[in-house]
Amino acid sequence: MEIPSKYDPKLTEDKWYQYWLEKKFFRSTPDQRKPYTVVIPPPNVTGVLHMGHMLNNTIQDVLVRRARMQGKNACWVPGTDHASIATEARVVAKLASEGIKKTDLSRDEFLKHAWEWTHKHGGIILEQLKKLGASCDWDRTCFTMDDERSESVINVFVDLHKKGLIYRGVRMVNWDPQAQTAVSDEEVNYKEVKSKLYHIRYNIVGSDKYVVVATTRPETILGDTAICVHPEDERYQYLKGAKVYVPLIKREVPVIRDEYVDREFGTGVLKITPAHDLNDYELGQKYNLETIDIFNDNGTLNEKAQLFVGKDRFVVREEIVEAMKASGNIEKIEDYINKVGFSERTDAVIEPKLSMQWFLKMKTLSEPALENVMNDNIQLYPAKFKNTYRHWMENVKDWCISRQLWWGHRIPAYYINNSNDFVVANSDAEAVELARQKTGNASLTIENLKQDEDVLDTWFSSWLWPISVFDGIRNPDNEDIKYYYPTDDLVTAPEILFFWVARMIIAGYEYQKEPPFKNVYLTGIVRDKLGRKMSKSLGNSPDPLLLIEKYGADGVRVGMLLCSPAGNDLPFDEGLTEQGRNFGNKIWNAFRLVKSWQVDESIEQPEAAKSAIEWFDSLLNKTMAEVDDQFDKYRLSEALMQIYKLFWDEFSSWYLEMVKPAYQQPIDARTYVATVRFFEKLLKVLHPFMPFITEEIWHYLGERQNDESIMVSALPAKGSFDEKLIAQFDLVKEIVAAVRNIRQEKNLPIKEALELQLLADNDGTLAFSSVIKKLSNLSDVALVASKPEGAVSFLVKSTEYYVPLTGKIDVEEEIQKIEKELKYTQGFLESVLKKLSNERFVSGAPQQVLQNEQNKKADAEAKIKAMQERLAGLKG
């Protein structure tokens with residue numbers, strides 16, 4: 001086969017991916033082999049590939065491909081998440097662009113639009129992952145709202161409700177006025193914002209005095225039902241039993257006393273708005289205060305506010321302050337920085353709101369999940385995240401699992417005859433039967449029941465993912481779940497450690513009595529060169545598909561992994577993907593060089609080639625052992641760098657130079673076979689990182705059958721290695737570099753053979769003289785009885801080497817050059833000695849500074865001695 005002069009990813013990547021699919025190399029079914037299982041963190045069904053996905057899925061593919069080559073039955077399950085809030089928001093926006101409001105549609109009509117949207121846009125991201133080379137078992141693709149997963153979710157809700165772990169109640173929740181749904185505590189991001197602290201006068205009933213309250217939220221004043229002071233605050237003892245007027249609306253509310261109040265904050269007086277603050281709500285419960293909810297679901301004020309009805313909360317904030325200035329209720333306004341909660345999904349400011357919701361009791365349920373991470377039954381990489389995990393799990397709160405949306409798994413609770421009495425069932429038919437039993441009314445039909453309007457939190461389906469993808473909820477003893485579960489490695493982001501990882505562990509122990517995975521690899525955040533998180537809004541995130549188009553998938557994979565240590569942020573620079581592409585070109589060029597050699601079976605193997613093969617075999621085995629160790633520690637970036645250096649620095653720059661035949665001369669068969677064998681081993685070690693170019697070259701390297709592939713071949717077996725031999729070759733490389741340096745300094749042509757002499761072979765490098773001679777173009781490497789005259793010397797470890805230059809250089813010119821350098825170095829030494837003889841400097845300088853000066857002195861003295869000896873040799 002003719003080998004192209006340049007490697008073109010565009011010509012190979014689609015070709016080989018299609019080949020892998022046709023041959024079903026990604027397909028996995030249970031057999032006698034040891035399984036290796038990974039489930040993909042399901043991306044949003046309507047999402048598109050971004051840099052975070054690229055990093056996460058590259059890491060997964062590296063792990064999966066390597067396991068496959070280790071002889072394991074590798075199964076990587078792909079899929080997507082229905083993403084309730086994000087998808088519903090997109091569908092609502094799409095309908096709005098067509099002049100249709102969600103409120104104008106029935107639930108079924110809206111869901112029809114949502115499914116149409118999902119079928120049109122859903123799965124695009126999975127197709128994009130194929131461009132990256134992801135070796136998922138696409139026949140197993142799942143969707144969190146497909147029939148199997150949906151049934152599993154409903155079964156779990158019914159089961160947990162039967163166990164008394166799911167309950168319904170009015171609680172203070174985090175309300176997203178933009179999405180118009182409750183969100184969990186973990187879906188709230190707190191940011192520092194520049195606010196105002198408003199000092200407001202509340203007039204005391206039956207008095208001409210007033211008390212000042214400081215608040216950042218004057219718009220909630222209309223829902224106040226008390227003010228509160230600390231019982232031991234001497235300033236406010238006179239308020240015992242008093243009442244005050246709520247500004248503007250003159251509602252009389254009591255002054256209560258509670259130790260919750262921070263006497264140092266503001267004026268030491270709190271306004272209590274039980275409907276719109278969690279702590280106020282708890283105080284309201286404690287003191288039986290009235291609860292007045294003044295907000296509509298969209299963040300506008302309702303009739304209970306009495307004023308500003310129908311206006312947005314932030315508009316009201318401005319207007320109510322102006323109104324209170326006019327009424328004399330504003331004492332002063334200060335600049336203030338405080339933390340405000342924002343919805344993770346929509347970035348809207350969260351509104352604490354009393355709402356009837358469904359909750360899951362978490363405390364007892366989560367105990368095994370805490371215990372088994374802390375005792376390392378499940379290992380987090382890096383382990384520093386254990387502390388974060390423990391903090392979350394020790395402070396776990398009941399999970400608000402209901403969402404006021406239509407897109408998602410509808411809560412399987414059915415209300416009887418429009419009352420608050422309900423049954424929870426897996427189906428309409430079961431609900432009717434349970435309702436008949438509950439009411440004693442055998443004539444009840446589905447018409448008498450009304451299913452809850454809310455859907456379940458998206459995480460309530462994805463927490464079952466490692467089980468539900470193998471149908472382990474509906475059929476807990478099926479072949480797949482028994483073979484593939486627990487899965488092996490989960491690769492995900494630290495920011496969903498609690499959202500998703502912890503909850504999957506909880507579900508694993510509840511429904512399989514085992515952890516869902518053995519190891520969790522936590523990736524960092526992909527950032528730009530300025531340290532900013534990559535995002536569409538900042539416009540600092542490159543399009544991954546354009547990167548693949550420009551640099552090839554292998555180049556992008558290598559670029560991503562070269563700077564992505566587990567748990568640390570990835571400072572992405574497009575130059576890294578260019579470096580990845582250049583590495584591919586280096587591999588291709590090395591391959592073309594080897595394949596260009598003519599082989600002669602009759603030639604004896606040169607001694608230099610024999611030594612080189614022994615050395616590289618040892619170095620390759622050592623590197624493979626180190627790479628295995630790095631993989632065991634989930635240091636994929638470091639593992640790649642070791643292979644990268646082995647190929648670029650050792651194989652290409654040294655080994656091939658040691659064995660390549662002279663210009664237009666053939667190579668002996670033994671050396672050629674060994675070189676091809678090394679190349680094949682290197683390709684296999686590289687394949688998990690660079691699947692496309694390794695497959696392409698592997699097919700060129702030898703005769704392959706129609707159903708063969710490097711991806712299903714075995715990783716090279718680790719052999720023994722000789723540390724001493726590797727160390728000696730490091731000295732050989734130093735010797736060669738020193739001789740080459742002398743040639744460069746003295747302008748000696750490479751074609752001119754030199755001699756290398758030494759007085760004693762202290763480090764055993766003479767055994768490799770054939771390699772040194774070849775790489776340095778030496779006529780001889782010889783032991784001599786005395787230092788030769790007119791020679792340049794250099795030291796490698798404990799052996800001094802000499803290169804005789806008599807007749808090869810202008811002696812007078814060389815003497816002048818050395819004398820000039822000697823004079824400079826002596827002057828430098830004099831300045832260092834002056835410093836060290838200065839008592840004030842010596843007594844006042846830090847120890848490290850003194851040590852540096854001592855090092856400078858020793859280096860200068862050694863240089864002076866070598867130059868003086870060199871001059872003596874030249875002058876005879």
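The values are calculated or read from the model by the stated rules, or taken from the named source; none is laboratory data. Remember, predicted model here, so these are calculated numbers, not experimental data. When we count neighbours, we look across all protein chains shown, and the Cβ atoms used for this are built from the backbone with ideal geometry, even at glycine. The accessibility values were calculated without ligands, DNA or RNA, using every heavy atom of the protein model including side chains. Shrake-Rupley method; radii C 1.70, N 1.55, O 1.52, S 1.80 Å.
Observations on the structure shown:
- Within the range 618-635, tally of residues that are open to solvent by 50 Å² or more (accessible area, probe 1.4 Å) and either touching a strand residue (DSSP E or B) at 6+ places or on another chain (Cβ under 8 Å) or part of a helix (DSSP H, G or I) (or both): 4
- Unmet criterion (only one of (1) modelled with pLDDT of 95 or more; (2) surrounded by 17 or more Cβ atoms within 10 Å (Cβ to Cβ); (3) β-branched (Val, Ile, Thr)) for residue 205: (2)
- Annotation note: Cβ proximity below 6 Å between a residue of the range 339-353 that is open to solvent by 30 Å² or more (accessible area, probe 1.4 Å) and a residue that is assigned to a loop (DSSP other than H, G, I, E, B) and polar (S, T, N, Q) (sequence gap 6+ or interchain) occurs for 346/178.
- Among the residues of the range 822-854, those identified as open to solvent by 90 Å² or more (accessible area, probe 1.4 Å) and closer than 30 Å to residue 746 by Cβ are 823, 824, 830.
- Residue, nearest to residue 184 (Cα to Cα), within the range 417-441, restricted to residues that are modelled with pLDDT of 95 or more and outside any helix (DSSP H, G or I): 424
- Every residue from the range 777-821 that is surrounded by 12 or more Cβ atoms within 10 Å (Cβ to Cβ) and at positive phi: 777, 790, 797
- A search for C-beta distances below 7 Å between a residue of the range 76-104 that is over 15 Å from residue 409 (Cβ atoms) and any residue that is of a type in the set (Asp, Glu), counting only pairs 6+ apart in sequence or on different chains, returns 76/137; 77/137.
- The range 95-117, residues that are open to solvent by 60 Å² or more (accessible area, probe 1.4 Å) and in a helix (DSSP H, G or I): 96, 97, 103, 104, 108, 109, 112, 115, 116
- Matching option when the condition is at pLDDT 90 or above and either closer than 27 Å to residue 819 by Cβ or buried (at least 16 other Cβ atoms within 10 Å of the Cβ) (or both), among 875, 857, 863: 857
- Boolean, residue 346 is in contact with an Asp or Glu (Cβ under 7 Å, 6 or more places away or on another chain), at pLDDT below 95 and in a loop (DSSP other than H, G, I, E, B): yes
- Any strands (runs of 3 or more DSSP E) falling wholly within the range 710-811 and containing at least 1 residues that are without any contact (Cβ under 8 Å) to a residue 12 or more places away in the chain: 791-796
- The residues of the range 64-90 that are more than 28 Å from residue 532 (Cβ to Cβ), assigned to a helix (DSSP H, G or I) and in contact with a Leu (Cβ under 8 Å, 6 or more places away or on another chain), listed by number, are 66, 69, 84, 88.
- Between 428, 421, 457, 452, the distinction of being touching a helix residue (DSSP H, G or I) at 6+ places or on another chain (Cβ under 7 Å) and acidic (Asp, Glu) belongs to 428 only.
- Extreme residue, modelled with the lowest pLDDT, among residues of the range 532-567 that are loosely packed, with under 15 Cβ neighbours inside 10 Å and not basic (Lys, Arg): 537
- Residue 586 in contact (Cβ under 8 Å) with a residue 60 or more places away in the chain and more than 30 Å from residue 483 (Cβ to Cβ): yes
- Restricting the range 652-698 to residues that are open to solvent by 30 Å² or more (accessible area, probe 1.4 Å) and within 28 Å of residue 562 (Cβ to Cβ), the residue that is farthest from the chain's Cα centre (by Cα): 657
- Of all residues in the range 118-139, those being in contact with a Lys or Arg (Cβ under 9 Å, 6 or more places away or on another chain) and surrounded by 20 or more Cβ atoms within 10 Å (Cβ to Cβ) number 4.
- Single residue of 152, 207, 195 found to be among the small types (Gly, Ala, Ser) and free of Cβ contacts under 8 Å to residues at least 60 places away in the same chain: 207
- Checked against the criterion of being within 21 Å of the chain's Cα centre (by Cα), surrounded by fewer than 22 Cβ atoms within 10 Å (Cβ to Cβ) and at pLDDT 90 or above, the range 399-410 has no qualifying residue.
- Candidate set: the range 142-176, residues that are at pLDDT below 95 and of a type in the set (A, V, I, L, M); chosen: the one least open to solvent (accessible area, probe 1.4 Å): 173
- For the range 39-56, filtering for residues that are open to solvent by less than 10 Å² (accessible area, probe 1.4 Å), closer than 21 Å to residue 556 by Cα and modelled with pLDDT of 95 or more leaves 1.
- Qualifying residue in the range 228-247 (condition: in a strand (DSSP E or B), under 29 Å from residue 357 (Cα atoms) and out of contact with any Ser or Thr (no Cβ under 9 Å at 6 or more places or on another chain)): yes
- Matching option when the condition is among the aromatic types (Phe, Trp, Tyr), touching a Lys or Arg at 6+ places or on another chain (Cβ under 9 Å), under 20 Å from residue 544 (Cβ atoms) and open to solvent by 10 Å² or more (accessible area, probe 1.4 Å), among 17, 36: 17
- Being of a type in the set (Asp, Glu) and without any contact (Cβ under 8 Å) to a residue 60 or more places away in the chain is a description that does not apply to residue 479.
- Any hit, the range 668-688, residues being at pLDDT 95 or above and part of a loop (DSSP other than H, G, I, E, B): yes
- Taking the criterion of being of a type in the set (Asp, Glu) and closer than 23 Å to residue 203 by Cβ, the residues of the range 243-289 that qualify are 252, 258, 277, 280.
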